[in-house]
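The structure under discussion appears below in the form of structure tokens.
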Amino acid sequence: MPGIVFYTNPMSRGRIVRWMLEELGQPYETRVLDYGPQMKSPDYLAINPMGKVPAVKHGDIVVTEAAACCAYLAAAFPEPGLAPAPGTQESAAYLRWMFFAAGPGEAAITNASFGFEVPDTPQARGRSGYGSLEAVADALAVMLSDGRDYVTGDTFSAADVYVGSQILWGRMIGALPDRPGFADYTARLMARPAAVRARQKDEALMPAPR
């Protein structure tokens, strides 16, 4: 079986994919790239023309974008059961909320972190994929409001790695409004052994304080 090469930086979305890799339990090689010339080098631009991390190389296959990396790895390594069977209610929820978090969710949180708000008009909110930050927070709260422990119901999946990471990040930087269920959900995720291992590995790579 081809090996996995993981391109990352501990101060990046690579933390999401690190967690996913730890959930898989498969060996992988980590290549840490510095921001600046190294990440924009010709060698790495051949991996990701955006010059950004994370990226995963699995044999001859290259995957970029954190959500895509999570979904690819869950499908390529089905043994841990991190992707529901296609054509099921669980699979529908898995795809729905993975794409929601990667599109409207991240866009809303990122814009809020820069102080940008969609104008409060029907036309502007209709043109915006997420409508408003409040609508995104409300939608995530509804997803968690029916007593489910995870995105697909009772079973943890790769969608929780990505959706949970977006909620954690948004709350950490103060950009995502809090809602009932967020704290319990993220605490449940952060207690997972794979999440703990991933944090420890990324923290060990952080630059020393000056």
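Where a number appears in this text, it was derived from the coordinates with a stated rule and is not lab data. Just so we're clear, the structure is a prediction, and the values are computed from it rather than from any experiment. Every residue, glycine among them, receives a Cβ derived from its backbone with ideal geometry; neighbour counts consider all protein chains shown.
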If you take the beta carbon distance between Asn111 and Glu79 as r and set R0 to 30 Å, what does 1/(1 + (r/R0)^6) give as a FRET efficiency, to the nearest 0.05?
0.20
What number, rounded to the nearest 500 deg cm²/dmol, is the helix-based mean residue ellipticity at 222 nm of the chain, given -39500 (n - 2.57) per DSSP H run of at least four residues and division by all its residues?
-14000 deg cm²/dmol
Please arrange Asp146, Asp160, Asp138 by how many other C-beta atoms lie within 10 Å of their C-beta, fewest to most.
Asp146, Asp138, Asp160
What is the P(r) of region 74-125, as percent of Cα-Cα pairs per 5 Å bin from 0?
4, 17, 15, 18, 13, 10, 10, 9, 3, 1
Region 34-49 - phi-based ³J(HN,Hα) in whole Hz, Karplus 6.51/-1.76/1.60, Gly and Pro as x:
7, 5, x, x, 5, 6, 9, 5, x, 4, 7, 5, 5, 7, 9, x
As an exercise, use a Förster radius of 25 Å and the Cβ-Cβ distance of Val196 and Met11 to find the FRET efficiency, rounded to the nearest 0.05.
0.85
Convex hull volume per residue for region 28-162, taking Cα atoms only, in Å³
152 Å³
If you average 1/r across every pair of different Cα atoms in region 89-192 and take the reciprocal, what Kirkwood value do you get, in Å?
13.9 Å
